[in-house]
Amino acid sequence: MVVAVSASKRIIAADIFSLILFGFVVGGSVELLMGLTIPQSLQSRLLSIPVNLVIARPYGVFRDWVLDKGNAEKAGQFHRTLLDILAFIVFQMPVYMAILATTGADIETILASAVGQIGAMVFMARPYGLWMQFCRNRFVPEFRFA
């Protein structure tokens, strides 16, 4: 029996898959480079899965909206990169700050960490945007954007 899955459900699955895998690989690599042990990084990455499950699709929708408003389809790669950076920072920074707040960090620590995180987000934004699009194109071949 073949079960047809709608394109919208496949896009949701692609967004979730892309964020969980990207977070696992990139986040884990950064954590290991920063001195976490493999078990600590694995625990951190496993704990990030529920957060990524919740935010993956809303981020995908938000990114699509930013790219649409920024005329990404008619723009060059530099413009698309800037739009990806804008979308990533505007969406992910409040999430990052909320996560820090739930750990009990004070406002000064949260703000200092957020400022430091901006640099990493600038470098992760476009690779993640391209990875998400790659996943979407595999899950939903007729879906094209960015």
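Throughout, read-outs are computed from the coordinates displayed, never taken from laboratory work. Computed from a prediction, not measured in an experiment: that's the story for all the values here. Note: ideal-geometry Cβ built from the backbone for every residue, glycine included; neighbour counts use all protein chains shown.
Rounded to the nearest 500, the 222 nm mean residue ellipticity of the chain from helices alone is -27000 deg cm²/dmol, with -39,500 (n - 2.57) taken per DSSP H run of at least 4 residues.
Here the residues Leu130, Leu83, ranked from fewest to most Cβ neighbours within 10 Å of their Cβ, fall in the order Leu130, Leu83.
The value of relative contact order for the range 8-139, using C-alpha pairs under 8 Å at least six residues apart, is 36 percent. Working note: Karplus 6.51/-1.76/1.60 with θ = phi - 60° gives the range 97-113 the couplings 5, 5, 4, 4, 5, 5, 7, x, 5, 7, 4, 5, 5, 4, 5, 5, 5 Hz, where Gly and Pro are set to x. Sorting the segments 88-100, 112-124 by their mean number of nearby beta carbons within 10 angstrom, highest to lowest, gives 88-100, 112-124. Taken over the chain, the convex hull of the Cα atoms encloses 126 Å³ per residue. What separates the Cα centres of the range 29-57 and the range 90-108 is a distance of 16 Å. Ranked for footprinting exposure by Cβ neighbours inside 10 Å, fewest first, Leu111, Leu46 give Leu46, Leu111.
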